[in-house]
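Participant: So that we are looking at the same thing, I have put the structure below in structure tokens.
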Amino acid sequence: ILSFSNKKNERWMDLAQDLSASQLLPESVHKLLVELAKQTGETLFLAAPEGTSVVFLDVVESSADIRFIANVGQRLPIHVTAAGRAILSQYSPAERAATLKRIKYQSYEKDTFMTPESVESDIQKSADDGWYVNLGVYAPGVAGIAVPFSFRGRRDAIALGGPVSRIEKNIGDIGRLLRKAVVQFLRENE
């Protein structure tokens, strides 16, 4: 019987995730982001896991003067971002626990999500809604709402970013819109 140490298992998991993330996505995913950006007036992006970070694979930026600015290739901590928690929600409990254990917890804009237990609690609480929220946790005045995007074996997230002042009062409507659009997209494209 072969047995691998936890570090080797983590490296294999990271390698598999990197390989999955390197596969090209069809133009239809970009079109989904464009359509959601038109409907909401906010910045939309596709995020993928990369170890204890999320990386932006595609971005459709809002034309609003005050907006969330994101760049393809940008990386953010997986546990404090809405996109990251939407991605983590797709992991098995053991895989999520292993990822959360590897994070170096620190305070960003708010002292939120400072332990694996606090991140896990939010993931469980938000799973019923089907979307994950970040209200100024990582950066001041910036909000995010994200939904899991399990497409062609990938565990990504479709996320929206914008000013807290515009997003906070519409969290439910935006979350339902994103979730409905992703469910419809996956039904039509899988």
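The values are calculated or read from the model by the stated rules, or taken from the named source; none is laboratory data. Keep in mind the model is a prediction, meaning the values are calculated, not measured. When we count neighbours, we look across all protein chains shown, and the Cβ atoms used for this are built from the backbone with ideal geometry, even at glycine. Just so you know, the surface numbers come from the protein's heavy atoms only, side chains and all, with ligands and any DNA or RNA stripped out. Shrake-Rupley method; radii C 1.70, N 1.55, O 1.52, S 1.80 Å.
Participant: Within region 106-140, whose backbone N sits under 20 Å from a point 7 Å along Cα→Cβ of residue 50?
Facilitator: Hits in region 106-140 for residue 50 at 20 Å: 106, 138-139.
Participant: Shifting gears a bit: Modelling each spin label as a point 7 Å along the Cα-to-Cβ direction, I'd like the residue 173/residue 110 distance in nm, to one decimal.
Facilitator: 2.2
Participant: Now a separate question. Hey, what number do you get for the chain at 222 nm if only DSSP H runs of n ≥ 4 count, each worth -39500 (n - 2.57), divided across all residues, to the nearest 500?
Facilitator: -13500 deg cm²/dmol
Participant: Report relative contact order for region 82-190 in percent, whole number only (criteria: Cα-Cα under 8 Å, sequence separation at least 6).
Facilitator: It comes to 27 percent, rounded to a whole number.
Participant: I'd like to verify something in the chain: which complete DSSP H helices, judged by Cα projection on the helix axis, reach 24 Å or more and average at least -1.0 on the Kyte-Doolittle scale?
Facilitator: Result, helices passing both filters: 171-189.
Participant: Follow-up question, since we're still on this one. In straight Cα distance, which aspartates and glutamates are under 14 Å from residue 101, not counting same-chain residues fewer than 8 positions off?
Facilitator: Within reach: 10, 117, 120.
Participant: If amide hydrogens are placed 1.01 Å from N in the peptide plane, which non-local residues have theirs closer than 5 Å to the one on residue 50?
Facilitator: Amide H neighbours of residue 50: 55.
Participant: Here's a follow-up. For the chain, report the accessible area per residue in Å² (1.4 Å probe, heavy atoms, rounded to an integer).
Facilitator: Per-residue accessible area for the chain comes out at 52 Å².
Participant: Please report, as a whole percent, how much of the solvent-accessible surface of the chain comes from carbon and sulfur atoms (probe radius 1.4 Å).
Facilitator: Exposed carbon and sulfur together represent 53 percent of the surface.
Participant: Scanning the chain for trypsin sites (Lys or Arg not before Pro) in DSSP loops with at most 13 other Cβ atoms within 10 Å, what's the longest stretch left with none?
Facilitator: Looking at the chain, 1-103 is the longest stretch - no exposed trypsin sites (Lys or Arg not before Pro) with at most 13 other Cβ atoms within 10 Å.
Participant: For the chain, what D do you get in µm² per second when you plug the Kirkwood radius from alpha-carbon pairs into Stokes-Einstein at 4 °C and 1.567 mPa s?
Facilitator: My calculation gives 77 µm²/s for D.
Participant: If you keep only loop residues by DSSP, which GluC sites (Glu not before Pro) in region 64-134 have at most 16 other Cβ atoms within 10 Å of their Cβ?
Facilitator: Filter output for region 64-134: 109.
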